Amino acid sequence: MKITELKTHLYEFENNRVVGDANSPAGRKLQSSLLIELETDEGITGYSSSGAAAKPLVESMFNRAVKGKDPANVKGITKQMIDFAFKGGHGGMINEAISALDIALWDLKAKANNEPLWKTLGGLTPKARAYASGLDIPMSDENLKKWYEKMASWGFDGGKLKVGLNQDDDIRRIGIMRDALKVNSENPLIMIDSNEYWSPKQAIRFISEIEEIFDLTWAEEPARRWDFIGLKKVSDGIKTAVCAGENLKTLGDFLPYFHHKSADVIQVSSGIGGITTAMRLADAAYGFELPITLGGSFGHVHAHMAPSIPNFMIMEITQEEPDPCMTWDVTFENGHAIPGSKPGIGVEINRDVLENIKVEKTTPGTQASPFGRRPGAGLYQVAPSKEERANSERLNK
């Protein structure tokens, strides 16, 4: 089998809820994505996605490293992509391009084997414990309650709340999330995520106050991603585990975490160099007896990865329904994500819907983090402005 062609499709759609974090409390509903297709001479197509900005790098890396190759050699192809990016480094958009192509290559490899990806990766039981993650700072209390109640109806007994801008609001809303999830467990897993908004000292103060009321499973990104000394300080200063890593991009980036014991839970994803690099990072963490959590992913591909990660703890569900132009072969049951038996990742494309939502250019503000880092980060808390509150209220209706 040889890879013959790359096709990309840029599209936009409206999410079913408003999302945002400490850096974007105004919130947004409109989202964009770039669907990536790798076609072969045997009529099999592999799928993945990336952000719109990665499109030219996806195209150039495809022509340089992927075209004409056999997807069975995915690990070697991904090494070659990383080697090609060596001089400039393979972080940023080039990492997103490499990740997207790697995922599509694994989809092809599993389809060529005529088996679901979890089998190709060596998993034994297709089942991954999961938690609900609302991306929820802009959500009203009422909508926050409704969303976590919906996720609880599918058996989820863990949730993660975005925090960081106002301690009183955060404590009240953690209680709303916990109460919604208590139908499945007297002590649901409670995670919080401040998205690098706090300094280490702020994090210790705020998290310690929250610990007096709630039993926290972890505090995610309580300091800057590269501040391995600050993350270690937070871990030593609180009872709760520190979770970090989702915004790092290479194995080298993680080495200070491992050697300085900066994080108690290592977060990786297929967005870190694709499935190939993420699995290698999980192996590295296993060598240090560190648990792995997996973030959100295209088509919930992490549900396929989890069964073959011995130190896997739990995965994040940020999207309970697929994009309008696709379906996925993953179901939620008793707080688990369960990949099905369709070959590959199990994503299928509705071409008619895709044609209706395709765009030439993305609307400003539709990317994953459209507003950058919030003013005051690491210095002091800046509450949402009147304009930001008005926008979130409008989107909550």
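The values are calculated or read from the model by the stated rules, or taken from the named source; none is laboratory data. Model, not experiment: these values are computed from the prediction. All Cβ positions, glycine included, derive from the backbone under ideal geometry; neighbour counts span all protein chains shown.
Tyr148 - would you say it is at pLDDT 95 or above, under 21 Å from Gly27 (Cα atoms), in the same structural domain as Leu216 (by TED's automatic domain parsing) and touching a strand residue (DSSP E or B) at 6+ places or on another chain (Cβ under 8 Å)? Show your work before the answer.
Numbers: at pLDDT 95 or above: yes; under 21 Å from Gly27 (Cα atoms): yes; in the same structural domain as Leu216 (by TED's automatic domain parsing): yes; touching a strand residue (DSSP E or B) at 6+ places or on another chain (Cβ under 8 Å): yes.
The answer is yes for Tyr148.
Just checking, which of Thr277, Thr293 is closer than 26 Å to Tyr148 by Cβ and hydroxyl-bearing (Ser, Thr, Tyr)? Break it down into steps so the answer makes sense when it comes.
Values: Thr277 fails: closer than 26 Å to Tyr148 by Cβ.
It is Thr293.
Is there a residue being of a type in the set (Gly, Ala, Ser) and farther than 15 Å from Arg17 by Cβ anywhere in region 129-145? Quick ask: steps written out before the conclusion?
Within region 129-145, the subset of a type in the set (Gly, Ala, Ser) is 130, 132-134, 140.
Narrowing further to those that are farther than 15 Å from Arg17 by Cβ: 130.
Yes, region 129-145 contains at least one residue that is of a type in the set (Gly, Ala, Ser) and farther than 15 Å from Arg17 by Cβ.
Considering only region 349-365, state which residues are surrounded by fewer than 16 Cβ atoms within 10 Å (Cβ to Cβ), of a type outside the set (A, V, I, L, M) and either in a loop (DSSP other than H, G, I, E, B) or under 25 Å from the mean Cα position of the chain (by Cα) (or both).
Listed by number, the residues that qualify are Asn350, Lys358, Glu360, Lys361, Thr363, Pro364, Gly365.
Can you tell me which of (1) over 20 Å from the mean Cα position of the chain (by Cα); (2) exposed (fewer than 14 other Cβ atoms within 10 Å of the Cβ) is the one Thr331 doesn't meet?
With respect to (1) over 20 Å from the mean Cα position of the chain (by Cα); (2) exposed (fewer than 14 other Cβ atoms within 10 Å of the Cβ), Thr331 is out only on (1).
For region 281-315, how many residues meet the condition of being assigned to a strand (DSSP E or B), aromatic (Phe, Trp, Tyr) and either outside the structural domain of Gly271 (by TED's automatic domain parsing) or surrounded by 22 or more Cβ atoms within 10 Å (Cβ to Cβ) (or both)? Outline the logic, then answer.
Going residue by residue through region 281-315, those that are assigned to a strand (DSSP E or B) are 292-294, 312-315.
Then drop every residue that is not aromatic (Phe, Trp, Tyr), which leaves 312.
Narrowing the set further to residues that are either outside the structural domain of Gly271 (by TED's automatic domain parsing) or surrounded by 22 or more Cβ atoms within 10 Å (Cβ to Cβ) (or both) leaves none.
Qualifying residue count, region 281-315: 0.
Go through region 316-334 and give me each residue that's among the acidic types (Asp, Glu) and either in contact with a Phe, Trp or Tyr (Cβ under 8 Å, 6 or more places away or on another chain) or not assigned by TED's automatic domain parsing to the domain that holds Ala128 (or both). Before you say what the answer is, go through the steps one by one.
Of the residues in region 316-334, the ones among the acidic types (Asp, Glu) are 316, 320-321, 323, 329, 333.
Within region 316-334, Glu316, Glu320, Asp323, Glu333 qualify.
Yes/no matrix, rows are residues, columns are (1) in the same structural domain as Thr250 (by TED's automatic domain parsing); (2) of a type in the set (Asp, Glu):
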residue: Ile77; (1), (2): no, no
residue: Ile82; (1), (2): no, no
residue: Gly88; (1), (2): no, no
residue: Ile94; (1), (2): no, no
residue: Ser99; (1), (2): no, no
residue: Asp102; (1), (2): no, yes
residue: Leu108; (1), (2): no, no
residue: Lys127; (1), (2): yes, no
residue: Ile137; (1), (2): yes, no
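For region 1-115, please list each of the helices (runs of 4 or more DSSP H) lying entirely inside it that holds at least 1 residues being under 17 Å from the mean Cα position of the chain (by Cα) and crowded, with 18+ Cβ neighbours inside 10 Å.
Numbers: elements: 55-61, 74-84, 92-112.
Where helices (runs of 4 or more DSSP H) fall fully within region 1-115 and carry at least 1 residues being under 17 Å from the mean Cα position of the chain (by Cα) and crowded, with 18+ Cβ neighbours inside 10 Å, they are 92-112.
Would you mind stating whether Ala383 is in a loop (DSSP other than H, G, I, E, B) and exposed (fewer than 15 other Cβ atoms within 10 Å of the Cβ)?
Working: in a loop (DSSP other than H, G, I, E, B): yes; exposed (fewer than 15 other Cβ atoms within 10 Å of the Cβ): yes.
For Ala383, the condition - in a loop (DSSP other than H, G, I, E, B) and exposed (fewer than 15 other Cβ atoms within 10 Å of the Cβ) - is met.
Looking at Lys109, Lys87, Lys146, Lys119, can you tell me which residue is touching a residue at least 24 places away in the same chain (Cβ under 8 Å) and of a type in the set (Lys, Arg)? Working first, answer last.
On the way: Lys87 fails: touching a residue at least 24 places away in the same chain (Cβ under 8 Å); Lys146 fails: touching a residue at least 24 places away in the same chain (Cβ under 8 Å); Lys119 fails: touching a residue at least 24 places away in the same chain (Cβ under 8 Å).
Among Lys109, Lys87, Lys146, Lys119, only Lys109 is touching a residue at least 24 places away in the same chain (Cβ under 8 Å) and of a type in the set (Lys, Arg).
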